[in-house]
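For reference, the structure discussed in these notes is given below.
The values are calculated or read from the model by the stated rules, or taken from the named source; none is laboratory data. The shown structure was predicted, so the numbers you read here are calculated from the model rather than taken from an experiment. Using ideal geometry, Cβ is built from the backbone for each residue, glycine included, and neighbour counts are taken over all protein chains shown.
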Amino acid sequence: MNDASPLFSGTGVALITPFKADKSIDYPALGRVIDYVIAGGVEYLVCLGTTGEAITLSTQECREVLDFTLRHVDERVPVVAGFFGGNYTEKLANFIAGYNFDGVAGIMSSSPAYSKPPQEGIYQHFMQVAEVAPRPLIIYNVPGRTSSNVLPETILRLAEASDRFAAVKEASGILSQATEILRHRPDHFGVLSGDDPLTTAMIALGGHGGISVIANALPDHFSRMVRAALDNDVATARQLHFDTLDVHPLLYCEGNPVGIKAAVSALGLCENYLRVPLVPLSSANEARLRDVLAAVPGLHV
């Protein structure tokens, strides 16, 4: 990675939120996960994203999780705060305008869910957010959850309209879509993979890294893979990609963060509890996950 890289480059990890048996937040476990991923070489953390089960947390809990994360990180790496797009743009913009972002390096926000807005509506939504956001924005395109794909022309229009937009987390799973953004993006604007198995391919096309789920459990493997890909060390990146390839399907077979919670629990960093409507990974898939984790070179389960 060189000095000309966009603001968010390399490996970001979409942090899980550990729970206790009573479903309260397990802050000692969260601290262990934070220390583990930083020691594993990730470049920045993303707090309160999809993998962090933010939609099952109250507004007060979200604030407390972010505050704890900032204190525990203690400026070792940048911290990005996740804000879901919701269904009402003005409400989200007002909330962001009144929020305390001290210590936060960036804001990640998805497009509105459920309402399925047209591209012009998505554009106006993000522009209203950009007008009040006090930190650089990462556009989170995850149509599998929002039911509205933010098309390349809309991403590029936003990137050109305001320097407040620092990157896109591209999680459509459509590599050609990421390629179109990479082909025309302004220099300041990063393109980050939101699908772990596509990260090396996206970097090969000019991408700048990824915001990862698997890095909660395999931060060393994933961040070394990303750095090798960014350094054009194709052989190393390919081997690290292959080393972890069998893990990915089991992280999503019953939904995210169901699989990654089971993986991090298998490593002894947290307990395997989620809030309903999510439930722990089935025993059969948990056994398969432990087997594939045990087969990853250098990982001790």
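Only residues that are under 13 Å from G106 (Cα atoms), hydrophobic (A, V, I, L, M, F, W, C) and not in a helix (DSSP H, G or I): list them for region 121-153, please.
A133, L137, I138, I139
From the list R157, R135, R145, R185, pick out the single residue that is under 20 Å from E90 (Cβ atoms) and either free of Cβ contacts under 8 Å to residues at least 40 places away in the same chain or not polar (S, T, N, Q) (or both).
On the way: R157 fails: under 20 Å from E90 (Cβ atoms); R145 fails: under 20 Å from E90 (Cβ atoms); R185 fails: under 20 Å from E90 (Cβ atoms).
R135 is the lone residue from the list that is under 20 Å from E90 (Cβ atoms) and either free of Cβ contacts under 8 Å to residues at least 40 places away in the same chain or not polar (S, T, N, Q) (or both).
Quick one: which residue in V33, V42 is at pLDDT 95 or above and assigned to a loop (DSSP other than H, G, I, E, B)? Before the answer, list the steps.
Details: V33 fails: assigned to a loop (DSSP other than H, G, I, E, B).
Being at pLDDT 95 or above and assigned to a loop (DSSP other than H, G, I, E, B) holds for just one of V33, V42, which is V42.
Does P134 satisfy being surrounded by fewer than 20 Cβ atoms within 10 Å (Cβ to Cβ) and more than 19 Å from the chain's Cα centre (by Cα)? I'd like the intermediate steps shown before the answer.
Numbers: surrounded by fewer than 20 Cβ atoms within 10 Å (Cβ to Cβ): yes; more than 19 Å from the chain's Cα centre (by Cα): yes.
Answer is yes for this residue.
Every residue in region 264-295 that is within 13 Å of I16 (Cα to Cα), in a helix (DSSP H, G or I) and either among the aliphatic types (A, V, I, L, M) or modelled with pLDDT under 95 (or both), please. Let's see the steps before the verdict.
Initial filter on region 264-295 (within 13 Å of I16 (Cα to Cα)): 264-265, 269-275.
The next check asks that each one be in a helix (DSSP H, G or I); those that pass are 264-265.
Correct list: V264 only.
Can you pull out every residue in region 230-269 that is closer than 18 Å to H300 by Cα and either of a type in the set (S, T, N, Q) or in contact with a strand residue (DSSP E or B) (Cβ under 8 Å, 6 or more places away or on another chain) (or both)?
Hits for region 230-269 are T244, S265.
Please determine whether any residue of region 178-189 is closer than 25 Å to Y123 by Cβ, among the aromatic types (F, W, Y), under 19 Å from the mean Cα position of the chain (by Cα) and crowded, with 16+ Cβ neighbours inside 10 Å.
Within region 178-189, the first condition is being closer than 25 Å to Y123 by Cβ, and the residues that meet it are 178-189.
The next check asks that each one be among the aromatic types (F, W, Y); those that pass are 189.
If we keep only those that are under 19 Å from the mean Cα position of the chain (by Cα) too, we end up with 189.
Still in the list and also crowded, with 16+ Cβ neighbours inside 10 Å: 189.
Scanning region 178-189 turns up at least one residue that is closer than 25 Å to Y123 by Cβ, among the aromatic types (F, W, Y), under 19 Å from the mean Cα position of the chain (by Cα) and crowded, with 16+ Cβ neighbours inside 10 Å.
Every residue in region 209-229 that is buried (at least 24 other Cβ atoms within 10 Å of the Cβ) and in contact with a strand residue (DSSP E or B) (Cβ under 8 Å, 6 or more places away or on another chain), please.
G209, G210, I211, S212, V213, A215, N216, F222, S223, V226, listed by residue number.
Of the residues G49, G12, only one is touching a residue at least 24 places away in the same chain (Cβ under 8 Å) and assigned to a loop (DSSP other than H, G, I, E, B); which? Explain how you work it out, then say what you get.
Numbers: G12 fails: assigned to a loop (DSSP other than H, G, I, E, B).
Among G49, G12, only G49 is touching a residue at least 24 places away in the same chain (Cβ under 8 Å) and assigned to a loop (DSSP other than H, G, I, E, B).
Quick one: how many residues across region 68-94 are surrounded by 14 or more Cβ atoms within 10 Å (Cβ to Cβ) and in a helix (DSSP H, G or I)? Break it down into steps so the answer makes sense when it comes.
Looking only at region 68-94, we keep the residues that are surrounded by 14 or more Cβ atoms within 10 Å (Cβ to Cβ), and these are 68-70, 72-73, 77-86, 89, 92-93.
Imposing the further condition that a residue be in a helix (DSSP H, G or I) reduces the set to 68-70, 72-73, 89, 92-93.
Going through region 68-94 one residue at a time, the tally reaches 8.
Mind checking which residues of region 252-283 are under 16 Å from P219 (Cβ atoms) and surrounded by fewer than 16 Cβ atoms within 10 Å (Cβ to Cβ)?
Correct list: G268 only.
Among all residue pairs at least 6 apart or on different chains, which show Cβ distances below 6 Å where the first residue, located in region 196-207, is touching a residue at least 24 places away in the same chain (Cβ under 8 Å) and the second is of a type in the set (A, V, I, L, M, F, W, C) and not in a helix (DSSP H, G or I)?
Close Cβ pairs satisfying both conditions: D196/V213; G207/V191.
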